[in-house]
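Notes follow the structure.
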Amino acid sequence: MTTRIVELRRGILKKNDELAAGLRARYAAAGVLVLNLVSSPGTGKTAFLEQTLRGLRAAGARAAALVGDLETDNDARRLASAGVPVRQINTHGICHLDAEMIGKHLADWQDVALDQLEYLFIENVGNLVCPSSYDLGERIRIVLLSVTEGEDKPLKYPTLFNSADAAVITKMDIAEPCGFDREAALANIKEIRPGIRIFETSAKSGAGMEEWLAYLAEARAGRS
Amino acid sequence: MHELSIVASIVDSVTETLTTLPDSSRGARVLEVRLNVGALASVVPDSLEFCYGLASEGTPLEGSKLVIHLLPVVVHCGPCGLDAELEGVQSFRCPRCGEPSIDLRQGRELEIDSIEIEEDEEKK
């Protein structure tokens, strides 16, 4: 018997990374800005996205959304009320979306052609851990944090916050009754992801949405 | 909790590698699978090890050991011009000058580094 070492040096998520690279090239060729929205369950991703889609539609922009959940199409039905194409992805127990799921749903989506879109939002499964490992080919990864979750969440889940391109604080309308320490939250986000752009928003009152929509337009034009 | 799917990818990848080995190594037993896991890879080593036993059952990897080499985060500091290792993942600043940095040089790795196999001498 002899033993020997065989070098592999192979990425474990190589297949996902390759599929994501293919998607990224397709999005770029179609001229669509793709954003991946990640947060805990209950942060208010869907309410925030619904207001975003309404705002974009009112401005005459063409947007669509893919929404991931373990089960039910409740979120897709809710988002569809914004008047844009929405497609639900049920992962049936899987804790994250991956590039293969996105590719498959884009291929099956009859009423949407990527090159007819300006914005495509991907609402990930509510989870602050696993989605950080799976590239979906997005150009911008948004992490959301609500005022009810505690200011130290960025410190507790650094892997995701560190991988984000911009952060959105939601439910600012109830910040005061929740005793939300705004300064501490902003400092913690910046400690984990120095230089990140942070939006303070409320889907209910509309606060911060104008600034957010302006950022989207700038990002799409390639200015941020 | 995506460790089971990660481990399933490892088993697939190693099984595939075994089929590409020269004829003399056919039927080799896998003793060890060595991983490099960065501090920002979002996987829990204990959980990987637990899932590995389940996922490797009935495959050529059954009974082998999963060895996890943890890699700390390394950031490049512009002002110092140095690559600096961070002690944890709670602060992304150069440990020497305190300047924040998002220029990661290490820490997101999730890869199979190598495998150790045992082969019969007679086949050589």
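Of the residues making up the range A:88-104, those that are assigned to a helix (DSSP H, G or I) and within 14 Å of another protein chain (Cβ to nearest Cβ) number 3.
Taking into account only those residues within the range B:83-103 that are within 8 Å of another protein chain (Cβ to nearest Cβ) and either of a type in the set (Val, Ile, Thr) or assigned to a strand (DSSP E or B) (or both), which is farthest from the chain's Cα centre (by Cα)? Reasoning before the result, please.
So in the range B:83-103, the residues within 8 Å of another protein chain (Cβ to nearest Cβ) come out as B:89-93, B:100-102.
Of the ones still in play, those that are also either of a type in the set (Val, Ile, Thr) or assigned to a strand (DSSP E or B) (or both) are B:89, B:93, B:100, B:102.
Numbers: B:Val89: 18, B:Arg93: 25, B:Pro100: 28, B:Ile102: 23 Å.
Step by step, filter the range B:83-103, then rank; the result is B:Pro100.
Filtering the range B:63-82 for residues that are in contact with a Gly (Cβ under 6 Å, 6 or more places away or on another chain), part of a loop (DSSP other than H, G, I, E, B) and either facing another protein chain (nearest Cβ under 9 Å) or closer than 23 Å to B:His2 by Cα (or both) leaves a non-empty set.
Among the residues of the range B:23-32, which ones are under 19 Å from A:Arg9 (Cα atoms) and more than 9 Å from chain A (Cβ to nearest Cβ)?
Correct list: B:Val30 only.
For every residue, the table says whether it meets (1) touching a residue at least 12 places away in the same chain (Cβ under 8 Å); (2) of a type in the set (S, T, N, Q); (3) crowded, with 20+ Cβ neighbours inside 10 Å.
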residue: A:Arg10; (1), (2), (3): no, no, no
residue: A:Leu13; (1), (2), (3): yes, no, yes
residue: A:Arg26; (1), (2), (3): yes, no, no
residue: A:Leu33; (1), (2), (3): yes, no, yes
residue: A:Ser39; (1), (2), (3): yes, yes, yes
residue: A:Ala58; (1), (2), (3): no, no, no
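If you scan the range A:113-124, which residues turn out to be surrounded by 21 or more Cβ atoms within 10 Å (Cβ to Cβ) and of a type outside the set (Phe, Trp, Tyr)? Within the range A:113-124, A:Leu120, A:Ile122, A:Glu123, A:Asn124 meet the criteria. Taking the criterion of being assigned to a strand (DSSP E or B), within 12 Å of A:Ala185 (Cβ to Cβ) and in contact with a Lys or Arg (Cβ under 6 Å, 6 or more places away or on another chain), the residues of the range A:145-170 that qualify are A:Leu145, A:Ser146. In summary, B:Val14 fulfils each of the numbered conditions (1) facing chain A (nearest Cβ under 9 Å); (2) of a type outside the set (Asp, Glu); (3) not in a helix (DSSP H, G or I) with the single exception of condition (3).
Whenever a residue of the range B:15-30 is closer than 17 Å to B:Ser114 by Cα, its partners that are in a loop (DSSP other than H, G, I, E, B) and not hydrophobic (A, V, I, L, M, F, W, C), lying with C-beta atoms within less than 7 angstrom and at least six residues away or across chains, give the pairs B:Thr15/B:Thr59; B:Thr15/B:Pro60; B:Leu18/B:Pro60; B:Val30/B:Pro60; B:Val30/B:Ser64.
Each value in this text was obtained by applying a stated rule to the coordinates, not by laboratory testing. What you see is a predicted model, and the numbers here were worked out from it, not measured in a lab. As a convention, Cβ positions derive from the backbone with ideal geometry for all residues, glycine included, and neighbour counts pool all protein chains shown.
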